[in-house]
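**Q** Submitted below is the structure of interest, expressed as structure tokens.
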Amino acid sequence: MSLAAEAREAVRSEPFLHRALAAGVVNYRAAADYLALDGDADAVATALRRYAEELDPPSTHNCGAPVRMQSGVGLADPVDDVGDGDSTEPFAVEETADLVVAVGDRWIVRGGEMTAVRARGDVDARALGSVLSRLDAASVVVDAAGVVGGELVVVVPRRQGGTALQVVEAALESVPE
């Protein structure tokens, strides 16, 4: 494999670097040093510069999804009522009135110490990735997150709910395409 091909492959394994190359905000020599490929760093920098010239500049779109906050939620394991009924889990399968979201055998239910930030509309996995990246940058702890069927849910500690709401709203206004 050529050095240029190795550089492209290495960039694809580092999504932040791929986005930075497309945006034109990279010090090519520093990126070459970061990738630590076998070969001359100047040659790697040249390969990165050429690769960046081929990339489409980044664009974003507004999801237009209204965002709301729901305080007082928690994570729970539903009880499988097929067993002997001696389970100590706090939520039974029949108690779905408190169910906010279910993913596999984990539920987000009413009655906890966390906050759910929810958006419904034109949201997908890319929107969730943008939201999670921004929440990470804002040092917001994410206890659960998911997106399905046009609904995005992020569960955070109650005290970070307001910050999370603002971050999610901003993230959904400019989701990378």
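**Q** Can you tell me which residues in the stretch 50-67 are in a strand (DSSP E or B) and out of contact with any Leu (no Cβ under 9 Å at 6 or more places or on another chain)?
**A** Result: Thr60, His61.
**Q** So for the stretch 115-123 (the condition being assigned to a strand (DSSP E or B), closer than 17 Å to Gly64 by Cα, within 12 Å of the chain's Cα centre (by Cα) and not assigned by TED's automatic domain parsing to the domain that holds Arg19), does at least one residue qualify?
**A** Looking through the stretch 115-123, none of the residues is assigned to a strand (DSSP E or B), closer than 17 Å to Gly64 by Cα, within 12 Å of the chain's Cα centre (by Cα) and not assigned by TED's automatic domain parsing to the domain that holds Arg19.
Quick grid of which residues meet (1) in the same structural domain as Arg110 (by TED's automatic domain parsing); (2) buried (at least 20 other Cβ atoms within 10 Å of the Cβ); (3) at pLDDT 95 or above:
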position	(1), (2), (3)
Gly146	yes, no, no
Glu151	yes, no, no
Pro157	yes, no, yes
Gly162	yes, no, yes
Gln166	yes, no, yes
Leu172	yes, yes, yes
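**Q** May I pose another question? Looking at the stretch 64-71, is at least one residue on the phi > 0 side of the Ramachandran plot and at pLDDT 75 or above?
**A** As a first pass, look at the stretch 64-71 and keep what is on the phi > 0 side of the Ramachandran plot: 64.
Retained after the next criterion (residues that are at pLDDT 75 or above): 64.
Yes: one or more hits.
**Q** What do you reckon, is Leu37 assigned to a loop (DSSP other than H, G, I, E, B) and at pLDDT 90 or above? Working first, answer last.
**A** Working: assigned to a loop (DSSP other than H, G, I, E, B): yes; at pLDDT 90 or above: yes.
Taking the combined requirement at face value, the residue satisfies it.
**Q** Just give me the residues in the stretch 19-44 being within 26 Å of the chain's Cα centre (by Cα) and in contact (Cβ under 8 Å) with a residue 24 or more places away in the chain, in sequence order.
**A** Arg19, Leu21, Ala22, Ala23, Gly24, Val26, Leu35 - these are the residues of the stretch 19-44 that are within 26 Å of the chain's Cα centre (by Cα) and in contact (Cβ under 8 Å) with a residue 24 or more places away in the chain.
**Q** So, one more: If a residue must be touching a Pro at 6+ places or on another chain (Cβ under 9 Å) and either crowded, with 18+ Cβ neighbours inside 10 Å or assigned to a strand (DSSP E or B) (or both), how many such residues does the stretch 134-144 contain? Full working, then the answer.
**A** We begin by selecting, within the stretch 134-144, every residue touching a Pro at 6+ places or on another chain (Cβ under 9 Å); these are 140-141, 143.
Checking the rest, the ones that are also either crowded, with 18+ Cβ neighbours inside 10 Å or assigned to a strand (DSSP E or B) (or both) come to 140.
Selection size over the stretch 134-144: 1.
The values are calculated or read from the model by the stated rules, or taken from the named source; none is laboratory data. Here the structure is a predicted model, which means the values were calculated and not measured. When we count neighbours, we look across all protein chains shown, and the Cβ atoms used for this are built from the backbone with ideal geometry, even at glycine.
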